[in-house]
Amino acid sequence: MKKTVLIVIMAFLCVFGTGCSSIQQKAKQIATDWKADGREYGEETTYSTEDTVQTAFFKVKVNSVTTQDEIQGENDEYVPQDVAHQFVVVNITVENTYEDFDSITMFCDDFELTWEQLQGETTFPEYQMNDEQLPDSYELKYGESKTGNLIFITPRNIKDYQMKYYEIWDDNFIGNTYYINFSVTE
């Protein structure tokens, strides 16, 4: 109740007083802190492939990174539609460390890839083409881990990447963001 009264007072001051932008920023911060309910948010942390990254829900480790011109599926070979592109194959291990639930649901597109030329935009992994890839969605029980590939299509001339994961809670609250830097060689 006190938070609601405080937000109403700050809104009143913003409409009828001076310093509106600083009050708006303060009101937004209070609302975000209230929604966070003790959860961490807003931090961006960068790691290398040698690191094991601990998020609110799981640990993730990059085991290897390779490039490929084609991916062998069960019945087909897949190649990028544009000959100027390649597959970047990131092999990762994910382990559920979130004690509050018996299991968590993971999706292959929880992880995104970006590089300098994308200027903050990201690309998602390809959906499952072969058994070596992580499934499009999968359950991990507490303490359980799964290893598999994430396959991205990127321009051949790109060598330096960041794999990105950001925490999204069940109530759509966005927590912290994690980047893993890596480079590929030919």
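The table below gives the values:
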{"read-out": "Calculated FRET value between Gln117 and Glu139, using beta carbons and R₀ = 25 Å, to 0.05", "value": "0.10"}
{"read-out": "Relative contact order for the stretch 44-183, counting Cα pairs under 8 Å that sit 6 or more residues apart, in percent", "value": "29 percent"}
{"read-out": "Distance between the stretch 119-159 and the stretch 162-186 - C-alpha centres, whole angstrom", "value": "12 Å"}
{"read-out": "Inter-label distance for Glu70 and Tyr127, nm, one decimal - labels placed 7 Å from Cα along Cα-to-Cβ", "value": "2.3 nm"}
{"read-out": "Relative packing of peptides 151-158, 89-96 - highest average C-beta neighbours within 10 Å first", "value": "89-96, 151-158"}
{"read-out": "Efficiency of FRET from Cβ geometry, Thr147 and Thr105, R₀ 22 Å, rounded to 0.05", "value": "0.80"}
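Rule-based calculations on the coordinates, nothing more; no lab input. All of these numbers come straight from a predicted model, not from anything done at the bench. For neighbour counting, all protein chains shown are included, and Cβ atoms are generated from backbone atoms with ideal geometry for every residue, glycine included.
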